[in-house]
Amino acid sequence: MSVDAQTVRRIAHLARIAVSEEDVAPLQGELNAILAFVEQLGAVDVAGVEPMTSVTPMRMKKREDVVTEGGRATDIVANAPETEDHYFLVPKVVE
Amino acid sequence: MSELNELTLAEARDGLKAKRFSARELTQAHVDAVEKARALNAFILETPERALAQAEVSDRKIAAGEARPLEGLPLGIKDLFCTHGVTTTAGSKILEGFEPHYESAVTANLWRDGAVMLGKLNLDEFAMGSSNETSAYGTVVSPWRRTGSDAQIVPGGSSGGSAAAVAAHLCLGATATDTGGSIRQPAAFTGTVGIKPTYGRCSRWGTVAFASSLDQAGPIARTVRDCAVLLASMAGPDARDTTCVDLPVPDFEAAVSRGVKGLTIGIPKEYRVDGMPAEIQKLWDQGAAWLKEAGATIKEISLPHTQYALPAYYIVAPAEASSNLARYDGVRYGLRVPANDIVGLYEKTRAAGFGREVKRRIMIGTYVLSAGYYDAYYVRAQKIRTLIKRDFEAAYAEGVDAILTPATPSAAFGIGEKASADPVEMYLNDVFTVTVNMAGLPGIAVPAGLDSQGLPLGLQLIGRPFDEETLFAVAQTIEDAAGRTALPKPWWA
């Protein structure tokens, strides 16, 4: 499978990365080189094989359902580019 | 008392214990070496004041007879580990100015054990690369050069700063991370030792995520013993990472001197790839001969799905990366490029903040996870991963204790030499290392000789899950037989 210019624009938008028009063609070439490389996986017989979901055979650890942390709003917003009263600021999303 | 930075980590530890020098003197020697080596660009951030302050504490602990396992030993930290109050970049512009308000589990373990931090080490952006050429903070230069040439050589990647700093004696050891070969390939390129432990051995908490089912932290150092000492401190259970196992950490240093008598070492025929340079084949044969001489049994084995590991990796890793890197949105931390609406803010911030290789991988990941392609790409790749793991399980079930392979398909290349338009050319560097991540196994790279141009070459050993001890024993046997590689002349100082 390979991608066309329109698909490159669509993927870029899904990935939330602005791509300029002059970047579409080179990106298309690079993405198609990678897709051509992974094409060989089609030759493998995977009938009846379970997809890997956990690399080490272990039961997921669970902890007590109790509060372990909290009250750190100042720490959490400390690195944000724009904040107000412990809120993250973004452009208006609701009219 | 000159050249304290030429000691190995274990020698420095023993020297401090015997009070032959102070932690302050040891740290100062390294701080000076770091300062003189800026031409290598190994550090993104130097923290000499913090290092000297920690060394003062260590000297007091040693005087009081309370020395901890890594007391007063100066280390470099790959800038993928979050460090409390110390800028952490992941080699990316998008984390500009990020100062974590928490400490990664691995680095917290090192400070608990008395280690000293010299600074944050350069890396490929978000650990995506095999040459350290994708860092937003510039390429790292290897301390190694080809015989009779002053052309700049890559240190490998993504832990290029870690490998270069250790090889150049700027630190006694360094933390690193390995998603597809990022510890073992740079170790092989710089004549250092690097181990990627079994998935789950080290906590991933507080380490910037690339591909969560593949990422694992480990050390790079100048000897096998030094790696064993460092891993013993870095590893251990952590309730905050659900994939970190609740297993006690063995005495790795004791395993170093076990020898290989009675062990069976597998030689996988599928690693004899087309076009493998004769030098690499010779090195591999030599490694097998050394182990045989030391009392191991050598056995040819088959890992039939080897060739599919790298293409499957280039589906799984970008898919997980596209999800993990969705968090860089210009809202919570790092770079923000203003826009009139929220989608514009995301798109402009991510366009300006991510480098080319990272964008490429996010886009591939987004594509293979998108509607209509998920089964054809991602699910198929995860099935192939099961087959790769089964190959290893079959070999181990036949009594193989460890597997010997070359670490890389060639020695290090020159900076800019692989800047072609085809990203796959660079990806092929990881062809021997990536299987190990796909199967979650431990792997170690150990220097074994030099190529005809005078650059280091390494061998890789792959072990059973959670049997790093055997890897340390076998790697030590290779280190003993090969001798320590001649160190590069310090042209940079």
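Here, P(r) means the percent of Cα pairs in each 10 Å bin from 0 to the largest distance; for region B:350-493 it is 9, 27, 30, 25, 8, 1. Backbone amide hydrogens, once placed in the peptide plane, bring B:A90 within less than 5 Å of nothing, excluding anything fewer than 5 places away on its chain. Partner shielding of B:377-389 amounts to 5, given as the average count of beta-carbon atoms from other chains within 10 Å of each residue beta-carbon. Across region B:42-47, rounded Karplus estimates of 3J(HN,Hα) from the backbone phi angles (6.51 cos²θ - 1.76 cosθ + 1.60, θ = phi - 60°) give 6, 9, 8, 9, 9, 10 Hz, Gly and Pro being marked x. For chain B, the longest piece that avoids every one of the trypsin sites (Lys or Arg not before Pro) found in DSSP loops with at most 16 other C-beta atoms within 10 Å covers B:333-483. Could you tell me whether region A:45-94 comes out rounded, prolate or oblate from its Cα gyration tensor? Rule is a ≥ b ≥ c as square roots of the eigenvalues, rounded for a/c under 1.5, then prolate if a/b exceeds b/c, otherwise oblate. Since a/c reaches 1.5 but b/c is at least a/b, the shape of region A:45-94 is classed as oblate. Extent along the principal axes, Cα only, for chain B: 64, 54, 50 Å, with the longest axis given first. Across region B:240-247, coupling constants 3J(HN,Hα) worked out from phi with the 6.51/-1.76/1.60 Karplus curve, θ = phi - 60°, read 7, 10, 5, 9, 7, 7, 8, 10 Hz, and Gly and Pro carry x. Listed from fewest to most Cβ neighbours within 10 Å, the set B:I403, B:I298 follows the order B:I298, B:I403.
Of the residues B:E133, B:E417, B:E3, the one with the fewest other Cβ atoms within 10 Å heads the list, and the complete ranking is B:E3, B:E417, B:E133. Distance between Cα centroids, region B:271-335 to region B:47-62: provide it in whole Å. First find each Cα centre; the distance between them is then 38 Å. Phi-derived couplings, Karplus 6.51 cos²θ - 1.76 cosθ + 1.60 at θ = phi - 60°, listed residue by residue for region B:469-477: 4, 4, 4, 5, 5, 6, 4, 4, 5 Hz, with x used for Gly and Pro. Inter-chain neighbour count for B:364-376: the average number of beta-carbon atoms from partner chains within 10 Å of each residue's beta-carbon is 3. Taking 18 Å as the limit for the C-alpha separation, the pairs B:K36/B:K120; B:K261/B:K299; B:K17/B:K196 exceed it in the case of B:K17/B:K196. This model, with +1 at the C-beta of Lys and Arg and -1 at the C-beta of Asp and Glu, gives the protein assembly as shown a dipole about its Cα centre of some 480 debye. Pairs of Cα atoms nearer than 8 Å and 6+ residues apart set the relative contact order; for chain B it is 18 percent.
For the peptide A:29-36, the mean number of other protein chain Cβ atoms found within 10 angstrom of a residue's Cβ is 6.
Pairwise alpha-carbon distances in the protein assembly as shown exceed 35 Å for 35% of all pairs. The value given for chain A is a Kirkwood hydrodynamic radius of 19.5 Å, derived from the mean inverse Cα-Cα separation. Remark: A:H86, B:H169 ranked as A:H86, B:H169, counting other beta-carbon atoms within 10 Å and listing the fewest first. Summed over qualifying helices (DSSP H, 4 residues or more, each -39500 (n - 2.57)) and divided by its residue number, chain B shows a 222 nm mean residue ellipticity of -11000 deg cm²/dmol. Around the amide H of B:L45, modelled in the peptide plane, lie the amide H atoms of B:K120, all under 5 Å away and 5 or more residues distant in sequence or on another chain. Between amide H atoms placed 1.01 Å from N, distances below 5 Å from B:I301 occur with B:I267, B:K269, all of them 5 or more places distant or on a separate chain. For region B:1-100, the convex hull drawn through the C-alpha positions has a volume of 106 cubic angstrom per residue.
Bear in mind that the values in this text are calculations on the coordinates, not laboratory data. Keep in mind that this is a model prediction, so the values were computed, not measured. FYI the Cβ positions are ideal-geometry reconstructions off the backbone, even for glycines, and counts take in every protein chain you see.
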